[in-house]
1. Restricting to segment 114-142, name every residue that is open to solvent by 30 Å² or more (accessible area, probe 1.4 Å) and in contact (Cβ under 8 Å) with a residue 12 or more places away in the chain.
2. Return yes or no: is Val57 in contact (Cβ under 8 Å) with a residue 12 or more places away in the chain and either open to solvent by 50 Å² or more (accessible area, probe 1.4 Å) or basic (Lys, Arg) (or both)?
3. Within segment 80-100, is there a residue that is modelled with pLDDT under 90, of a type outside the set (A, V, I, L, M, F, W, C) and on the phi > 0 side of the Ramachandran plot?
4. In segment 143-163, what residues are open to solvent by 70 Å² or more (accessible area, probe 1.4 Å), within 24 Å of Val35 (Cβ to Cβ) and assigned to a strand (DSSP E or B)?
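The values are calculated or read from the model by the stated rules, or taken from the named source; none is laboratory data. Because the structure is a prediction, the values reported are computed rather than measured. A quick note on method: Cβ atoms are made from the backbone with ideal geometry, for glycine too, and the neighbour counts reach across all protein chains shown. Heads up: the accessible areas ignore ligands, DNA and RNA and are worked out on the full protein's heavy atoms, side chains in. Shrake-Rupley method; radii C 1.70, N 1.55, O 1.52, S 1.80 Å.
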Amino acid sequence: MKYVISALVSNQAGVLSRISGLFARRGFNINSLAVGETEDAAVSRMTIIVDGDDYMVGQVEKQLNKQIDVIKVKRLEGITTQRELLLVKITAQAPQRREIIDITQITGAKIVDLSTGTMTLEICDRPDKIEIFLSLLEPYQIKEIARTGVIALEKGVHTIGKD
């Protein structure tokens, strides 16, 4: 099962390395990792997606909470808003472009670059929608993909808070 862990950490050099090293030392695989500043420039939010069981994720949370640079850790359960950004470069000869434009319009993607033989597309959506988008593009020979990793917030009034 996939779990979403959100952590507020000090925004300073070496924190990401120490956190990812903690996962590596314990043999836990990170499926997705996204880090960025919060409303407070001294604090970053890490969104970590891990695959495992409840016990393993509990151990990860305990280990994270022991880290000096970690301010707060929360497993995001229940309903969350999740987004991921994808850039994908595909082969796009002139006869195929109309079909590709139709796919981008239906899915809410954007064309961000066009050359004589390729198109680069951008989409920001839920991870499941990203996978559907990629499957629609498979017939056009995907040449290159760049993904940000998932970011997430709980829906409603709940926050991770810094208390």
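1. Of everything in segment 114-142, those that are open to solvent by 30 Å² or more (accessible area, probe 1.4 Å) and in contact (Cβ under 8 Å) with a residue 12 or more places away in the chain turn out to be Leu114, Glu122, Cys124, Asp125, Arg126, Pro127, Lys129, Ile132, Leu136, Gln141, Ile142.
2. Details: in contact (Cβ under 8 Å) with a residue 12 or more places away in the chain: yes; either open to solvent by 50 Å² or more (accessible area, probe 1.4 Å) or basic (Lys, Arg) (or both): no.
When the stated conditions are applied, Val57 does not pass them.
3. no
4. If the condition is that a residue be open to solvent by 70 Å² or more (accessible area, probe 1.4 Å), within 24 Å of Val35 (Cβ to Cβ) and assigned to a strand (DSSP E or B), then Glu144, Ile145, Arg147, Ile151, Leu153 are the ones that fit.
Residues are listed down the side, and each one gets a yes or a no for (1) under 28 Å from Leu134 (Cβ atoms); (2) open to solvent by 50 Å² or more (accessible area, probe 1.4 Å); (3) in contact (Cβ under 8 Å) with a residue 12 or more places away in the chain:
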site	(1), (2), (3)
Ser17	no, yes, no
Phe23	yes, no, yes
Asn31	yes, yes, yes
Arg45	yes, yes, yes
Lys66	no, yes, no
Val70	no, no, yes
Leu87	yes, yes, yes
Ala109	yes, no, yes
